[in-house]
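> For reference, the structure I am asking about is given below.
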Amino acid sequence: MKTNINYEIKTERLFIRPYAEEDVPSVFKVLSAHPEITKWMLFDPPKNIEETREFFIQCQKNFPDNGIVFCIFEDNKFAGIAGLEFETQKYGTKVISSRLGYWLDPVFQGRGIMTEAAKAVIDFAFNSLGTHKIETGHFVVNPTSGRVIEKCGFRKVGIKEKHYFREGEWQDHVEYELVRP
């Protein structure tokens, strides 16, 4: 991993920075008010603020060597999260690939915010971290997430049938990849 990296990202409308302890109440507030956010994610809504704090602690353990969870802000208001999990080269620190995940508070949806944030995080991964490839995906029944992915330039790799158990049944998962230009 490169050293002396500025992990703060600014776009035309957004400020994106690593998840901090001060964000725990905002993350909990959004996920508890909108539990449907996690319907097609690989986690359930937190039952209490302590579960959200535990997620923060785990993020801190992984940062920056194994992953980064970014908080997205518009006009200083917490809007959502975009995260990268890293796979590094054996016997080295070169980031081979990253896995992109994200979610957005419904109040901010439908305005291109997640696409803008995802593009910024992708650019950061390629240009600041030297990532070779980024992978991502979405449940087949969540095509809205797929539109964000496609707007970011990802190539569809295929569908993993019955890959995740969610909402009481096995779900198909669409996989994508984007190789560093």
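The values are calculated or read from the model by the stated rules, or taken from the named source; none is laboratory data. In this text, all values refer to a predicted model and were calculated from it rather than measured experimentally. Methodologically, a virtual Cβ is constructed for each residue, glycine included, from the backbone with ideal geometry; neighbour enumeration extends over all protein chains shown.
> Limited to the range 36-56, what total is found for residues that are loosely packed, with under 12 Cβ neighbours inside 10 Å and assigned to a helix (DSSP H, G or I)?
Count: 2.
> Does the range 146-158 include one or more residues that are among the small types (Gly, Ala, Ser), in contact with a His (Cβ under 6 Å, 6 or more places away or on another chain) and within 23 Å of ARG13 (Cβ to Cβ)?
Looking through the range 146-158, at least one residue is among the small types (Gly, Ala, Ser), in contact with a His (Cβ under 6 Å, 6 or more places away or on another chain) and within 23 Å of ARG13 (Cβ to Cβ).
> Would you mention how many residues in the range 142-168 are among the aromatic types (Phe, Trp, Tyr) and either modelled with pLDDT of 95 or more or loosely packed, with under 11 Cβ neighbours inside 10 Å (or both)? Steps first, answer last, please.
Pass one, the range 142-168, residues among the aromatic types (Phe, Trp, Tyr): 154, 164-165.
When the remaining residues are screened for being either modelled with pLDDT of 95 or more or loosely packed, with under 11 Cβ neighbours inside 10 Å (or both), the result is 154, 165.
Summing the residues that are among the aromatic types (Phe, Trp, Tyr) and either modelled with pLDDT of 95 or more or loosely packed, with under 11 Cβ neighbours inside 10 Å (or both) in the range 142-168 gives 2.
> Shifting gears a bit: When you look at LEU104, is it surrounded by 18 or more Cβ atoms within 10 Å (Cβ to Cβ) and not β-branched (Val, Ile, Thr), yes or no?
Details: surrounded by 18 or more Cβ atoms within 10 Å (Cβ to Cβ): yes; not β-branched (Val, Ile, Thr): yes.
When the stated conditions are applied, LEU104 passes them.
> Find the strands (runs of 3 or more DSSP E) located wholly in the range 88-176 whose residues include 1 or more that are more than 18 Å from the chain's Cα centre (by Cα), and list them.
The strands (runs of 3 or more DSSP E) meeting that bar are 155-166.
> Quick check: anything in the range 57-77 closer than 23 Å to GLY137 by Cβ, polar (S, T, N, Q) and in contact with a strand residue (DSSP E or B) (Cβ under 6 Å, 6 or more places away or on another chain)?
yes
> What are the pairs with Cβ atoms under 8 angstrom where one residue, in the range 22-42, is under 23 Å from ASP172 (Cα atoms) and the other, located anywhere, is part of a helix (DSSP H, G or I)? Sequence gap at least six, or different chains.
Pairs found: GLU36/PRO106; ILE37/VAL30; ILE37/LEU31; ILE37/PRO106; THR38/LEU31; TRP40/SER145.
> Here's something else I'd like to know. Only residues that are within 21 Å of ASN6 (Cα to Cα) and touching a residue at least 12 places away in the same chain (Cβ under 8 Å): list them for the range 124-150, please.
Of everything in the range 124-150, those that are within 21 Å of ASN6 (Cα to Cα) and touching a residue at least 12 places away in the same chain (Cβ under 8 Å) turn out to be PHE124, ALA125, PHE126, SER128, LEU129, GLY130, THR131, HIS132, LYS133, ILE134.
> Need pairs with beta-carbon distance below 7 Å; first residue under 13 Å from VAL27 (Cα atoms) and within the range 48-62, second surrounded by fewer than 14 Cβ atoms within 10 Å (Cβ to Cβ); sequence gap 6+ or separate chains.
The qualifying pairs are ILE49/PRO25; PHE56/GLU21.
> When you scan the range 87-97, do you find a residue that is touching a Leu at 6+ places or on another chain (Cβ under 9 Å), at pLDDT 95 or above, buried (at least 19 other Cβ atoms within 10 Å of the Cβ) and within 30 Å of GLN171 (Cβ to Cβ), even just one?
Scanning the range 87-97, I find no residue that is touching a Leu at 6+ places or on another chain (Cβ under 9 Å), at pLDDT 95 or above, buried (at least 19 other Cβ atoms within 10 Å of the Cβ) and within 30 Å of GLN171 (Cβ to Cβ), so the answer is no.
> Also, quick follow-up: Identify, please: which residue in the range 1-21 is part of a loop (DSSP other than H, G, I, E, B), of a type outside the set (S, T, N, Q) and in contact (Cβ under 8 Å) with a residue 12 or more places away in the chain and is, among those, surrounded by the fewest Cβ atoms within 10 Å (Cβ to Cβ)?
Only one residue fits best here, namely GLU12.
> Kindly list the number of the only condition in (1) in contact (Cβ under 8 Å) with a residue 60 or more places away in the chain; (2) within 24 Å of ALA33 (Cβ to Cβ); (3) of a type outside the set (Phe, Trp, Tyr) that fails for ALA120.
The single condition ALA120 does not satisfy is (2).
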